[in-house]
1. Roughly speaking, what is the stretch gain from residue 253 to residue 123, that is 0.36 nm per residue apart minus the C-alpha to C-alpha distance, in nm to one decimal?
2. Pairs of alpha-carbon atoms within less than 8 angstrom and 6+ residues apart define the contacts here; what relative contact order does segment 224-307 have, in percent?
3. Which order, highest average first, do 161-173, 128-140 follow once you tally other Cβ atoms within 10 Å for each residue and take the mean per peptide?
4. Provide the gained length on full extension for the span residue 144 to residue 38, in nm with one decimal, where the gain is 0.36 nm per separating residue minus the Cα-Cα distance.
5. Spelling out what I want: for every residue of segment 304-311, take phi, set θ = phi - 60°, compute 6.51 cos²θ - 1.76 cosθ + 1.60 (Karplus), and round to whole Hz; glycine and proline get x.
6. Two decimals, Cα atoms only, Kirkwood Rh: what is Rg/Rh over segment 25-109?
7. In percent, how large is the relative contact order of the chain, given Cα pairs closer than 8 Å and 6 or more residues apart?
8. Please report, in debye to the nearest 20, how large the charge dipole of the chain is about its Cα centre when each Lys and Arg carries +1 at its beta carbon and each Asp and Glu carries -1 there.
Amino acid sequence: MRKMLSAILLLGIAAILPAQQTSTTSHFDGNSWWAHVKFLADDSLEGRDTGSEGLRKAQAYAVEQLQKAGAEPAGVNGFYQPVRLNQFEVDEAKSSLALVSNGQRTPLSFADDAFIGTRATHSTVYLEAPVVFIGYGLKIPEKNLDELAGLDLNGKVVAYLAGSPADIPTALASHYQTAVERWKSLHASGAIATITILNPASMDIPWSRISANRNHPSMDLADPEFNETPGLQLGVTVNPASAERLFNGSGHTFAEIAALGKDRKPLPHFPLTVSLLANATVVSKPVESANIVAKLEGSDPTLKNEFVVLSAHIDHVGIGAPINGDRIYNGAMDNGSGSALVMDMAASFKAHPEKLQRSILLLLVTAEEKGLLGSKYFAAHPTVPPKSIIADVNVDMFLPIVPLKVLKIEGIEESDLGARAAAIAQSMGIKPIPDPEPLRNAFIRSDQYNFIKKGVPAVKCDVGFELGTPEQKIFKEWLTNRYHAPSDDVNQPVDLHAAALYEEFTRQLLLDTANAAARPQWKAESFFRRYAGD
Ligand SMILES: [Zn+2]
């Protein structure tokens with residue numbers, strides 16, 4: 001009893017001291033950051049949807065701030081790198097979904113049961129095909145997992161539960177759950193369409209909100225080199241509350257599947273007795289957008305030709321279904337917060353020109369919300385030589401909604417960039433932790449992933465929490481109520497001190513990486529090392 005008490009006291013002291021130290025060394029006060037967030041999240045910018053006037057206004061503001069800070073243009077047209085996209089929208093009045101069993105047709109309601117996803121459905125299609133349940137739908141050779149083995153999927157629709165088994169390491173699971181990787185093995189098996197059953201255990205937002213925005217147009221990069229799902233005719237997303245009817249007569253229930261999926265246990269695989277009947281009418285049109293690229297040049301004559309990228313997406317989801325009478329999805333934290341940090345960082349390096357040996361590339365990408373498209377385009381067509389990019393520090397929705405005592409570092413164990421981020425956090429009295437919620441798949445859900453796939457070590461850091469703490473509840477509530485909702489606006493409580501401390505951390509990480517003797521390296525055992533080709 002006594003021992004425990006003194007341990008608690010010691011912990012308490014340890015938590016207080018470093019916070020006092022760091023507040024004296026900060027280059028940031030939170031106020032300029034908040035001013036930028038307020039501009040970007042203003043109703044007049046209408047949620048910064050890709051291709052919209054609101055996003056163009058946000059980008060013009062960002063360019064002005066970067067110029068003011070003395071950053072040099074490093075795009076194609078000055079600060080801008082044009083990105084050509086196509087937009088896809090389902091005309092639901094001319095579309096339908098139904099399950100067919102023994103000649104009986106059961107219509108599915110788009111609002112309540114299932115909808116056609118335009119990320120996977122890029123042209124009008126009519127199909128009727130049997131459905132096979134394939135568990136999590138994963139083929140992961142590194143772990144001898146092949147959920148497609150022994151199933152006849154040729155010409156079939158495959159249904160899977162979003163998620164992965166617990167014995168697959170997070171990064172590996174994330175990688176194989178990307179649309180492109182998942183489709184590679186499904187395409188090879190002859191499947192023609194997918195049904196994704198959302199996993200009730202890992203849904204960030206409730207079905208009602210997902211469904212309310214289902215008709216929001218999707219986008220993809222226009223250039224055919226970026227078509228990652230050749231042969232995929234249709235993608236359908238199913239409400240777990242309606243999933244039971246897929247399993248009728250199969251000898252299994254969705255309740256049983258969901259219970260296994262909750263604990264990430266292995267799932268059975270079997271043909272269902274239903275066929276999917278789909279009539280999808282898709283309308284498409286071209287969209288023009290752009291990334292913004294700026295440079296802070298290093299001082300070393302050789303090393304200045306190498307770049308540490310600081311990336312953040314500046315787009316958000318625009319105007320959507322009203323919630324409490326509000327239709328503007330302002331995106332203050334997602335990702336006004338990261339965009340504002342990029343502007344602050346440019347200004348800070350100008351005001352305090354510590355010797356940067358390597359150069360820093362400031363990248364504000366478009367179309368992140370459409371599937372990481374702006375960063376995908378930049379990673380494929382960088383405005384500096386590809387091999388000169390040594391690291392990506394990505395900032396997306398870092399959520400300074402509680403004091404910064406714990407820092408979640410995605411990629412912490414993958415490279416020495418992750419190790420450096422952890423060491424810097426520790427030196428500032430902040431506890432670095434890996435992602436405590438691997439089911440959310442965060443490692444592949446923001447722009448760093450496109451750099452990783454090009455072999456560039458990357459990290460994404462967020463204000464974090466430990467499991468079972470009151471902070472966990474605050475984050476959970478934020479995701480449920482504000483994530484991709486109109487209430488992610490400037491009327492929410494934020495912790496300006498946490499924002500400033502996070503900026504200080506990011507600044508130190510950029511400086512140390514720009515000035516280190518060697519480029520960051522993937523760890524020998526990291527799965528992602530394969531992309532570096534060494
Ligand atoms: Zn988002």
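Where a number appears in this text, it was derived from the coordinates with a stated rule and is not lab data. If you're wondering where the values come from, they're calculated on a predicted model, not measured in any experiment. Note: ideal-geometry Cβ built from the backbone for every residue, glycine included; neighbour counts use all protein chains shown.
1. Result: 43.5 nm gained on full extension.
2. Relative contact order comes out at 19 percent.
3. Details: 161-173: 20.1, 128-140: 21.9.
Result, highest mean first: 128-140, 161-173.
4. 33.2 nm
5. Once rounded to whole Hz, the list reads 5, 7, 10, 10, 9, 8, 10, 10.
6. On the way: Rg = 22.5 Å, Rh = 17.4 Å.
Computed over Cα atoms, the ratio is 1.29.
7. RCO, the chain: 21 percent.
8. Its charge dipole is roughly 660 debye.
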